[in-house]
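The values are calculated or read from the model by the stated rules, or taken from the named source; none is laboratory data. As the structure is a prediction and not an experimental result, all values here were calculated from the model. Neighbour counts are summed over all protein chains in view; Cβ atoms, including those assigned to glycine, are modelled from backbone coordinates with ideal geometry.
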């Protein structure tokens, strides 16, 4: 029963992320933002703008309080990464990249989860930060 619930949750999240990727690839930012906001509201009880405006400290507190499953954490990292890609050297992007790294760290330390995709994304973030902030 628990396994079926987790599988349904994963399928729902994968579908939403795939749909977001389609909007992003079709260069339809309004649909992307609308779907991302709806997904965040449905799955995380958050609004996109509220999430983006959180400081890294408040973001980490939120993650601690809500104790999201590893699947939901990963989906949140994917959504943020997709939203900001391609990266621009500004304060908003820097804050988002810190949140993504925080999620990747949480997945690795608290849930013993790492994936080649997330490792590649982490490396891309570090490369961007090195090229633009050092």
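Residues checked against (1) farther than 25 Å from residue 132 by Cα; (2) over 10 Å from the mean Cα position of the chain (by Cα); (3) surrounded by 18 or more Cβ atoms within 10 Å (Cβ to Cβ):
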residue: 60; (1), (2), (3): no, yes, no
residue: 66; (1), (2), (3): yes, yes, no
residue: 78; (1), (2), (3): no, no, yes
residue: 81; (1), (2), (3): no, no, yes
residue: 88; (1), (2), (3): no, yes, no
residue: 100; (1), (2), (3): no, no, yes
residue: 109; (1), (2), (3): yes, yes, no
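Residue 18 - would you say it is modelled with pLDDT of 85 or more, surrounded by fewer than 16 Cβ atoms within 10 Å (Cβ to Cβ) and closer than 24 Å to residue 122 by Cα?
On the way: modelled with pLDDT of 85 or more: no; surrounded by fewer than 16 Cβ atoms within 10 Å (Cβ to Cβ): yes; closer than 24 Å to residue 122 by Cα: yes.
No; evaluated as a whole, the condition is false for this residue.
Condition check ((1) without any contact (Cβ under 8 Å) to a residue 24 or more places away in the chain; (2) more than 23 Å from residue 72 (Cα to Cα)) across all residues:
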{"site": "104", "(1), (2)": "no, no"}
{"site": "108", "(1), (2)": "yes, no"}
{"site": "129", "(1), (2)": "no, yes"}
{"site": "134", "(1), (2)": "yes, yes"}
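Suppose we filter 98, 78 for residues that are modelled with pLDDT of 95 or more and either touching a helix residue (DSSP H, G or I) at 6+ places or on another chain (Cβ under 9 Å) or under 20 Å from residue 60 (Cα atoms) (or both); which single one remains? So that I can check it myself, show each step before the final result.
Details: 78 fails: modelled with pLDDT of 95 or more.
So the residue among 98, 78 that is modelled with pLDDT of 95 or more and either touching a helix residue (DSSP H, G or I) at 6+ places or on another chain (Cβ under 9 Å) or under 20 Å from residue 60 (Cα atoms) (or both) is 98.
For segment 62-84, give me each residue that is without any contact (Cβ under 8 Å) to a residue 12 or more places away in the chain and either within 10 Å of residue 107 (Cα to Cα) or not in a helix (DSSP H, G or I) (or both).
Residue satisfying the conditions is 67 alone.
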